[in-house]
1. Scan L12, L21 and give me the residue that is aliphatic (A, V, I, L, M), modelled with pLDDT under 95 and surrounded by 13 or more Cβ atoms within 10 Å (Cβ to Cβ).
2. Being closer than 22 Å to A62 by Cβ, in contact (Cβ under 8 Å) with a residue 40 or more places away in the chain and exposed (fewer than 14 other Cβ atoms within 10 Å of the Cβ) narrows it down to one residue among N37, N6; which is it?
3. Can you name every residue in the stretch 41-66 that is among the β-branched types (V, I, T) and touching a residue at least 24 places away in the same chain (Cβ under 8 Å)?
4. Can you report the number of residues in the stretch 41-66 which are at pLDDT 95 or above and either among the polar types (S, T, N, Q) or surrounded by fewer than 11 Cβ atoms within 10 Å (Cβ to Cβ) (or both)?
5. Among the strands (runs of 3 or more DSSP E) contained in the chain, which hold 3 or more residues that are in contact with a strand residue (DSSP E or B) (Cβ under 8 Å, 6 or more places away or on another chain) and of a type in the set (A, V, I, L, M, F, W, C)?
Amino acid sequence: MEIQLNGEPRVLHSETDLHSLINELQLGNQAIAVAVNRQVIGRALWQQHILQTGDQVDVVRAIGGG
């Protein structure tokens, strides 16, 4: 199955949930926001959100500054 991750194609195993993808990217402990098909998915829903072929996933890291 192929998705778009931050605009780049990425092949996943079938039945991959958003939580598994974020852990695979080693981003689970970081302050990030995730949107699938332009809809933000809250962290509490990542394990329930199963990715589908063609999904567009955007991961944005929060950066602090002053």
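1. Numbers: L21 fails: modelled with pLDDT under 95.
Residue meeting the stated conditions: L12.
2. Working: N37 fails: in contact (Cβ under 8 Å) with a residue 40 or more places away in the chain.
None of the other options fit; the residue is N6.
3. Looking only at the stretch 41-66, we keep the residues that are among the β-branched types (V, I, T), and these are 41, 50, 53, 57, 59-60, 63.
Within the stretch 41-66, I50, T53, V57, V59, V60 qualify.
4. Residues meeting the conditions: 8.
5. Filter on the chain gives 32-36, 56-61.
The values are calculated or read from the model by the stated rules, or taken from the named source; none is laboratory data. Note that the structure is a prediction, hence the values are computed from the model and not measured. Because the Cβ atoms are built from the backbone with ideal geometry, glycine has one as well, and the counts that use them run over all protein chains shown.
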